[in-house]
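This report refers to the structure that appears directly beneath it.
The values are calculated or read from the model by the stated rules, or taken from the named source; none is laboratory data. This is a predicted model, so every value here is computed, not measured. Don't worry about glycine lacking a Cβ; one is built from the backbone with ideal geometry, like all the others, and counts go over all protein chains shown. Protein only, heavy atoms only, side chains kept; ligands, DNA and RNA dropped before computing areas. Shrake-Rupley method; radii C 1.70, N 1.55, O 1.52, S 1.80 Å.
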Amino acid sequence: MRNDEIDKQLVERAKSDPIYFAEIFDKYYNLILRYIIHRIGDIEVSKDIAAETFYKALNKISTYHPTTAPFSAWLYRIASNEINYFFRRKKYEPVSLDSSLKEINLQIPSSIDIENELIAAQEMIDNNKKYQMAKEMLYKLPEKYQEVLVLRFMEDLKIVEISRILGKSEGTVKSLISRGIDKLKKILNK
Amino acid sequence: MYDENELIKILTDAKIENIKIDKNRENIKSVLLKLAYYKKEEKSKNIFKIPLIYKYITAVAGFFALIFITFFVIDNMDDGDRFNRNGGIWSTYSDRHQGGDSVVWPTEYGYGRDGFIMSSPGYGNKGWAVRVTGRTGYKLGYNYNYLGVVVRFNSKSYCPECKGTNIRKYNGIRFKIKGNLQQGQLFFILPYESENCISERLTCESLTDYADYEKDISNYVKEDWQTVMIDFRKDLSQPFWVKKDKIVDIEKVLESVHLFKWQYKNGNGEIMEIWIDDVELY
């Protein structure tokens with residue numbers, strides 16, 4: 001069975017029983033987390049954005065229609081919106097998730113193990129010189145170029161996939177990528 | 001001076017691979033599902049317009065019930081020992097005690113020194129998992145050859161106590177599986193046993209003559225890990241050969257669960273292999 005067919009079935013089942021959302025979560029969490037890390041480079045914030053992304057996906061799953069975009073594209077889009085929100089505010093709080101948790105007085109459990117896991121992940125990110133170099137470079141660009149360049153070259157997505165995520169035509173995506181690279185050249189070769 | 005190709009190379013080389021925060025991920029997943037079930041409960045309560053005070057009580061009770069019943073981990077194998085989290089033991093079995101010639105590894109009780117051992121790596125390339133390999137023989141004929149693996153529910157659910165556990169509050173069981181079944185078939189079985197221990201075979205008495213609720217899960221077994229979700233009430237049925245007086249309501253079975261079985265048959269003597277991990281009730 002094709003991947004999008006499997007997703008379609010899982011989503012349909014998740015609409016009536018959240019337990020099936022766990023399957024979707026398991027399948028896509030690492031992918032979406034990696035994208036957010038590529039954009040932000042901070043594991044704490046990335047973890048929070050990933051949690052909010054999946055919470056929003058869970059709440060809005062009944063509005064998702066497979067004809068408009070593959071499920072992964074839909075998740076990338078939610079994550080992108082949250083990332084943009086973070087860049088605008090320069091800080092991040094998973095607002096919807098937090099307020100729902102407060103509503104029923106529930107907290108995401110924490111422990112030394114969990115904290116250590118995050119510390120180790122942050123160390124890996126910080127010690128990845130190639131990533132740090134690319135991030136420094138990307139941060140010189142406006143966000144709209146960062147977004148397409150990360151999706152194209154770090155997430156290895158095709159133009160058509162990026163156009164579905166961003167809701168822009170393929171031509172616009174190509175031109176954003178090309179202009180992004182040009183801008184980078186100009187900035188770095190000054 | 002950077003050219004376009006160099007810039008693209010810098011970006012492609014900067015990919016971050018292998019960053020996983022599995023403990024955090026599981027935490028978030030569990031919280032999201034609790035929230036989802038809580039909201040679902042709330043929604044259904046609103047439909048019936050229950051008076052406020054009852055609504056509050058049931059919501060709180062429902063929420064606390066959900067915290068405890070959303071998941072129940074039978075075993076994630078992470079400690080690598082042959083016992084699940086509740087003291088229930090993993091073990092293998094085959095048709096040998098009936099004169100068959102099937103062979104199973106890890107060695108079944110009474111036929112070798114090793115007994116049951118876990119294998120690694122488990123799901124997600126970490127920890128441990130149940131790995132069973134072997135081949136079914138020909139002596140007992142088609143459909144009568146078998147080998148399998150069981151996990152007892154807890155430390156009281158086998159001889160001498162043979163105590164069942166009520167798991168009616170759960171919808172089903174789920175687990176990860178991978179392997180190669182060759183030509184054979186793999187069934188998930190939910191046995192129904194009494195509190196009588198058959199001391200000569202050190203097993204609890206079957207109340208169905210082994211015509212237990214089951215589901216053929218052969219199609220799920222592939223080279224890569226797959227998740228199997230079995231809804232107890234929708235997916236399981238007793239085999240067609242069940243005797244009339246052994247037909248039992250699934251709710252009765254769920255009221256007194258002793259063990260879960262994964263049973264393989266009709267493998268034509270070829271070597272099969274299955275891996276099982278993260279067994280949970282949901």
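For segment B:16-25, which positions are open to solvent by 40 Å² or more (accessible area, probe 1.4 Å) and either more than 7 Å from chain A (Cβ to nearest Cβ) or closer than 17 Å to residue A:42 by Cα (or both)?
Residues satisfying the conditions are B:17, B:18, B:20.
Within segment B:254-282, work out how many residues are of a type in the set (D, E, K, R) and under 12 Å from residue B:130 (Cα atoms).
Residues meeting the conditions: 3.
Restricting the search to segment A:129-140, which residues are more than 11 Å from chain B (Cβ to nearest Cβ) and either touching a residue at least 60 places away in the same chain (Cβ under 8 Å) or in contact with a helix residue (DSSP H, G or I) (Cβ under 7 Å, 6 or more places away or on another chain) (or both)?
Listed by number, the list holds a single entry, A:140.
Just one of B:217, B:177, B:198 is open to solvent by 10 Å² or more (accessible area, probe 1.4 Å) and more than 17 Å from residue B:250 (Cβ to Cβ); which is it?
B:198
Give segment B:3-15 a look and list any residue that's facing chain A (nearest Cβ under 7 Å) and open to solvent by 70 Å² or more (accessible area, probe 1.4 Å), or say none.
Selection gives B:4 alone.
Can you report the number of residues in segment A:141-156 which are in a helix (DSSP H, G or I) and within 10 Å of chain B (Cβ to nearest Cβ)?
Residues meeting the conditions: 5.
Quick one: which of A:78, A:32 is at negative phi, within 14 Å of chain B (Cβ to nearest Cβ) and open to solvent by 10 Å² or more (accessible area, probe 1.4 Å)?
Only one candidate passes the filter, namely A:78.
What is the residue count in segment A:11-25 for residues that are modelled with pLDDT of 80 or more and surrounded by 18 or more Cβ atoms within 10 Å (Cβ to Cβ)?
Of the residues in that region, 7 qualify.
Hey, can you tell me all the residues within segment A:158-187 that are among the aliphatic types (A, V, I, L, M) and within 15 Å of residue A:145 (Cα to Cα)?
Once the filter is applied, which keeps residues that are among the aliphatic types (A, V, I, L, M) and within 15 Å of residue A:145 (Cα to Cα), segment A:158-187 yields A:159, A:162, A:165, A:166, A:173, A:176, A:177, A:181, A:184, A:187.
Quick check: is even one residue across segment A:157-167 assigned to a helix (DSSP H, G or I), touching a residue at least 24 places away in the same chain (Cβ under 8 Å), out of contact with any strand residue (DSSP E or B) (no Cβ under 7 Å at 6 or more places or on another chain) and within 14 Å of another protein chain (Cβ to nearest Cβ)?
No, segment A:157-167 contains no residue that is assigned to a helix (DSSP H, G or I), touching a residue at least 24 places away in the same chain (Cβ under 8 Å), out of contact with any strand residue (DSSP E or B) (no Cβ under 7 Å at 6 or more places or on another chain) and within 14 Å of another protein chain (Cβ to nearest Cβ).
Identify, by number, the condition in (1) at pLDDT below 95; (2) away from every other protein chain (no Cβ under 11 Å); (3) open to solvent by 70 Å² or more (accessible area, probe 1.4 Å) that residue A:110 doesn't meet.
(2)
Which one of these does residue B:107 not meet: (1) open to solvent by less than 50 Å² (accessible area, probe 1.4 Å); (2) out of contact with any helix residue (DSSP H, G or I) (no Cβ under 9 Å at 6 or more places or on another chain); (3) closer than 21 Å to residue B:258 by Cβ?
(3)
Scan segment B:239-282 for residues that are of a type in the set (A, V, I, L, M) and open to solvent by less than 10 Å² (accessible area, probe 1.4 Å) and jot them down.
Once the filter is applied, which keeps residues that are of a type in the set (A, V, I, L, M) and open to solvent by less than 10 Å² (accessible area, probe 1.4 Å), segment B:239-282 yields B:253, B:254, B:257, B:259, B:272, B:274, B:276, B:279, B:281.
In segment A:149-164, is there at least one residue being surrounded by fewer than 19 Cβ atoms within 10 Å (Cβ to Cβ) and hydroxyl-bearing (Ser, Thr, Tyr)?
No - not one qualifying residue is present in segment A:149-164.
Looking at segment B:1-39, which of its residues are outside any loop (DSSP other than H, G, I, E, B) and β-branched (Val, Ile, Thr)?
Here is the first cut: in segment B:1-39, the ones outside any loop (DSSP other than H, G, I, E, B) are B:4-13, B:22-39.
B:8, B:10, B:12, B:28, B:31, listed by residue number.
Checking the structure you have, find out if any residue of segment B:175-185 is among the hydrophobic types (A, V, I, L, M, F, W, C) and without any contact (Cβ under 8 Å) to a residue 60 or more places away in the chain.
Scanning segment B:175-185 turns up no residue that is among the hydrophobic types (A, V, I, L, M, F, W, C) and without any contact (Cβ under 8 Å) to a residue 60 or more places away in the chain.
Criterion first (open to solvent by 30 Å² or more (accessible area, probe 1.4 Å) and hydroxyl-bearing (Ser, Thr, Tyr)) does residue A:85 satisfy it?
Against the criterion (open to solvent by 30 Å² or more (accessible area, probe 1.4 Å) and hydroxyl-bearing (Ser, Thr, Tyr)), residue A:85 qualifies.
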